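Trainee: Supplied in structure tokens, the structure appears directly below.
The values are calculated or read from the model by the stated rules, or taken from the named source; none is laboratory data. On a predicted model such as this, the values are computed, not experimentally measured, just so you know. Neighbour counts are summed over all protein chains in view; Cβ atoms, including those assigned to glycine, are modelled from backbone coordinates with ideal geometry. Surface accessibility is based on the protein's heavy atoms, side chains included, excluding ligands, DNA and RNA. Shrake-Rupley method; radii C 1.70, N 1.55, O 1.52, S 1.80 Å.
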Amino acid sequence: MVDLKSQYEPIKEQINTALAQVLESFAFINGPEVQNFQKELEIYLDVKHVIPCGNGTDALQIAMMGLGLKPGDEVITADFTFAATVEVIALLHLTPVLVDVEPGTFNISPEAVRKAITPKTKAIVPVHLFGHCANMDEILKIAEEFNLFVIEDNAQAIGANYTFKNGTKKKAGTIGHVGATSFFPSKNLGCYGDGGALFTNDDTLAHTLRGIVNHGMYERYHHDVVGVNSRLDSIQAAVLRAKLPRLDAYNKARQQAAKKYMAAFRNCKHLITPTTFTQGTCNKSNGICEACDCHVFHQYTLRVINGKRDGLAKHLSEKGIPFGIYYPIPLHLQKAYLDVRYREEDFPVTNQLAKEVISLPMHTELDEEQIDFITNTILAFFG
Ligand SMILES: *Cc1c(COP(=O)(O)O)cnc(C)c1O
């Protein structure tokens, strides 16, 4: 599914040198590599504050702690996402409210968000799923109307550019009150272990978050709030500093691979290729919208219709082609997150997607030959 080894080859010297320097420095925690990475990422994202932390799940949790959400507060998020998003809501004794997604983008449905709002709702967590920005125009509008926080789960979309209806652009993760990302090795900007970060333009919130990641300390051994221990280490920061200048090229390579997949599958009546524009912001129904660049293809996820998904999966296994099913079970049906308030008829899209989606190999090093082999194998299955 990913090929981190081939990606490493051209940057091997640089990474090895940087790692050797960290080893010589013995500044493993909070060293200059971490501080420099933080500054470089702030510049890249055009955001005032980046707060590095231990991983993407921590980043989401720390965001909710920093906003002062309290037990019983309702937090709305997508039913179709990785469990980390809903897990931290539940861990903090907030009340997760799962809502359906859109069939084209797989992202949280603004209409469903609106319907789920109650007097207890305090925040919305849009997930930019598979690398594609959620409809932030609508989500911000709803948040403003009901005075809600917006926490972006940007674990899968770092580097994506969101174009608002009025034409202004922002990087995914810097649009809401706070954004959370992951540097897990297979993410679009991945380190060689665990890592994560928070983004915000709010000076007060940034200060709060910096204390929370460090045991609630703002002054050494003065613990003003309950915090956690969540750090990005210098070794991971050194890897990320080598990769950050290449992030745009990496994302471009993913988009090119997606274009080739799309061209190959265009006329297959059993497949629906992923929508590559953010609903309502631009209107290219065919191909990738070059103008808005809102999809950085963390995954290339197809819908296989007519009940043929599991057959295709078996065929790919037999041919030695890796694939993933993200996500096979909607979160509202997971034992840990059952809630009497959920009704099946509220999740038609997620329920359908769980039966239809399949993700194909997607990474920065996919070449023409590999893509041809994958697409030909798939088209041959459908005959
Ligand atoms: C990967 C991921 C996370 C969690 O990131 P970790 O660094 O693995 O903790 C959270 N949300 C989404 C959508 C993810 O894909």
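Trainee: If you find the alpha carbon centre of the range 126-167 and of the range 194-209, how far apart are they in angstrom?
Mentor: When both Cα centres are located, 17 Å separates them.
Trainee: Could you tell me what percent of the accessible area of the chain is made up of carbon and sulfur, with a 1.4 Å probe and every protein chain present?
Mentor: 53 percent
Trainee: Antiparallel as a % of all DSSP beta bridges within the chain, to the nearest 5?
Mentor: Restricted to the chain, the bridges split so that about 60 percent are antiparallel.
Trainee: Packing-wise, with mean Cβ within 10 Å as the measure, how do 321-327, 97-103 rank, highest first?
Mentor: Per-residue mean Cβ counts within 10 Å order the peptides as 97-103, 321-327.
Trainee: So, one more: Using only the alpha-carbon atoms, what does the range 4-245 span along each of its principal axes? Please give whole angstrom values in decreasing order.
Mentor: So the three principal-axis extents are 56, 44, 30 Å.
Trainee: Please report, in debye to the nearest 20, how large the charge dipole of the range 247-381 is about its Cα centre when each Lys and Arg carries +1 at its beta carbon and each Asp and Glu carries -1 there.
Mentor: Rounded to the nearest 20 debye, it is 360 debye.
Trainee: Find out how many positive minus negative residues lie around Ala83, taking Lys and Arg as positive, Asp and Glu as negative, among other residues whose Cβ is under 12 Å from that of Ala83.
Mentor: -2
Trainee: Can you tell me which of 179-192, 154-167 comes out highest on packing, and rank the rest after it, using the mean Cβ neighbours within 10 Å?
Mentor: 179-192, 154-167
Trainee: What net charge is computed for the residues neighbouring Ile117, neighbours being all others with C-beta under 15 Å from the C-beta of Ile117, Lys and Arg scored +1, Asp and Glu -1?
Mentor: -2
Trainee: Towards the positive end of the charge dipole of the range 247-381, with charges on Cβ (+1 Lys, Arg; -1 Asp, Glu), say which of Ala258, Ile272, Ile305 has the farthest Cα.
Mentor: About the Cα centre, the residue reaching furthest to the positive side is Ile305.
Trainee: Using Cα pairs under 8 angstrom and six or more residues apart, how large is the relative contact order of the chain, in percent?
Mentor: Normalised by residue count, the contact order of the chain is 21 percent.
Trainee: Show the residues, 5+ positions off or on another chain, whose built amide H is closer than 5 Å to the amide H of Ser186.
Mentor: none
Trainee: Further question: State in Å² the accessible area per residue of the chain; use a 1.4 Å probe, count heavy atoms of protein chains only, and round to the nearest integer.
Mentor: With the other protein chains kept in place, the chain gives 43 Å² per residue.
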